[in-house]
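Undergrad: Before I ask anything, here is the structure I am working with.
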Amino acid sequence: MINWHEIDTVLLDLDGTLLDLHFDNYFWCEHLPLCYAQKHGVALPKARDYLMKELSLHRGKLSWYLTNHWSETLKLDIVELKQQVAHKIKVRPSVRPFLHFLAKKNKQRIIATNADLNSLRLKFDRTKIDLLVDAVYSSENFGRPKEELGYWQDLKTETAFDPRRTLLIDDNISVLNCARDFGIRHLLAINKPDSQQPAREITEHQHTEYFDGLHSPGAC
Ligand SMILES: [Mg+2]
């Protein structure tokens with residue numbers, strides 16, 4: 001499926017790729033509406049509607065990923081609320097063996113994530129997954145999200161990755177499309193980013209559910 005001889009660098013998304021997206025979906029769709037309704041004294045369905053509308057206005061923009069933006073907008077401490085459900089932060093199956101496999105193959109392992117620095121602290125505290133990669137870059141560092149071409153240019157300037165010898169693994173199709181337009185040659189989508197949701201049908205990109213097949217004894 002992947003010809004490792006053609007790859008020097010692996011860019012790894014975090015949420016939905018290395019970590020179970022269930023935490024994020026649960027937080028934004030369940031926990032936050034409940035907390036918002038309690039804090040502002042509105043009914044839960046009304047809180048849910050308001051949050052979904054507000055979130056959709058920012059989807060794909062850097063602000064969508066910034067906890068400080070949402071703390072100010074919603075008048076709630078988002079980091080503290082995330083901590084309340086942090087036990088749901090989990091590494092996806094087969095991720096740790098896959099990262100060890102990449103190290104053995106001398107591939108550069110870089111987390112390239114839209115998660116902001118507050119979220120990274122929380123997620124790395126729980127999982128220590130940052131100890132299994134060579135570098136971590138948040139889109140907050142660059143001031144633009146992975147959905148923008150400029151992000152990939154900034155990351156290339158910072159890390160000197162060769163787009164023709166790089167594999168990006170991500171669950172966000174808009175991000176994969178943008179990376180393809182930038183010239184990243186090897187792309188792999190995750191079709192089941194949330195363990196509690198069914199697998200999605202993906203037509204635009206090569207895709208997988210887990211990493212088992214990528215680091216089997218036969219992987220070349
Ligand atoms: Mg993701």
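Undergrad: With bins 10 Å wide starting at 0, give me the P(r) of the chain over every alpha carbon pair, in whole percents.
TA: Per 10 Å bin, starting at zero, the Cα-Cα P(r) for the chain comes out as 8, 33, 36, 17, 5, 1 percent.
Undergrad: Strictly over 20 Å apart at the Cα level, which of 61/146; 104/156; 53/75 would you flag in this model?
TA: Numbers: 61/146 9 Å; 104/156 24 Å; 53/75 16 Å.
Cα-Cα > 20 Å for 104/156; rest within.
Undergrad: If you don't mind, there's one more thing I want to ask. To the nearest Å, what is the center-to-center distance of the stretch 191-211 and the stretch 95-117, using C-alpha atoms only?
TA: 19
Undergrad: Please list, in chain and number order, the residues 5+ apart from residue 108 or on another chain whose amide H is under 5 Å from its amide H, with Hs placed from the backbone.
TA: 9, 10
Undergrad: Let me ask another. Relative to the longest principal axis of the chain, what angle (0 to 90°, nearest 10) does the C-alpha long axis of helix 95-104 take?
TA: On a 0 to 90 degree scale, this one is about 30.
Undergrad: Output the 0 to 90 degree angle, nearest 10, between the alpha-carbon long axis of helix 173-182 and the longest principal axis computed from the alpha carbons of the chain.
TA: Relative to the chain, helix 173-182 is tipped by roughly 50 degrees.
Undergrad: Can you sort 207, 69 from fewest to most other Cβ atoms within 10 Å of each residue's own Cβ? All intermediate terms of the calculation are to be shown ahead of the outcome.
TA: On the way: 207 20, 69 16.
The fewest-first ordering by Cβ neighbours comes to 69, 207.
Undergrad: Tabulate in residue order the Karplus-calculated ³J(HN,Hα) for the stretch 11-25, using 6.51 cos²θ - 1.76 cosθ + 1.60 with θ = phi - 60°, rounded to whole Hz; enter x for Gly and Pro.
TA: 8, 10, 5, 9, 6, x, 10, 8, 10, 5, 6, 4, 4, 5, 5
Undergrad: Fewest Cβ neighbours within 10 Å first, please rank 178, 29, 35 accordingly.
TA: Working: 178 22, 29 13, 35 19.
Ranked by crowding around the Cβ, least crowded first: 29, 35, 178.
Undergrad: Picking from 113, 143, 182, whose Cα lies most toward the positive end of the charge dipole for the chain (charges on Cβ: Lys, Arg +1; Asp, Glu -1)?
TA: Going by the charge dipole, the pick is 113.
Undergrad: On to the next question. Could you list which residues have their amide H under 5 Å from that of residue 209, counting only those 5 or more apart in sequence or on another chain, with H placed in the peptide plane?
TA: Correct list: 191.
Undergrad: Can you tell which of 27, 86, 60 lies farthest toward the positive end of the dipole of the stretch 23-87, using +1 and -1 charges on the Cβ of basic and acidic side chains (Lys, Arg; Asp, Glu)?
TA: Farthest towards the positive pole: 60.
Undergrad: From the Cα gyration tensor of the stretch 81-182, with a ≥ b ≥ c the square roots of its eigenvalues, which class applies: rounded if a/c is under 1.5, or else prolate if a/b is larger than b/c, or else oblate? Before the final figure, lay out the partial values.
TA: Values: a/c = 1.86, a/b = 1.24, b/c = 1.50.
It is oblate, given that a/c is not under 1.5 and a/b is not larger than b/c.
Undergrad: What angle, in degrees between 0 and 90 and rounded to the nearest 10, separates the Cα long axis of helix 117-127 from the longest principal axis of the Cα atoms of the chain?
TA: Around 70 degrees separate the two axes.
Undergrad: Quickly estimate the mean residue ellipticity at 222 nm for the chain, helices only: each DSSP H run with n ≥ 4 gives -39500 (n - 2.57), and the total goes over all residues, rounded to 500. Kindly include the intermediate steps, with their values, before the conclusion.
TA: On the way: 10 runs with 90 residues, N = 220.
Only helices count here, giving -11500 deg cm²/dmol.
Undergrad: How large is ³J(HN,Hα) for each residue in the stretch 2-8, as worked out from phi by the Karplus curve 6.51 cos²θ - 1.76 cosθ + 1.60 (θ = phi - 60°), to whole Hz, x for Gly and Pro?
TA: 10, 8, 5, 5, 8, 10, 9
Readers should treat all values here as calculations from the given coordinates under stated rules, not as data from a laboratory. Owing to the predicted nature of the structure, the values given are computational and were not obtained by experimental measurement. We place every Cβ from the backbone using ideal geometry, glycine too, and count neighbours over all the protein chains shown.
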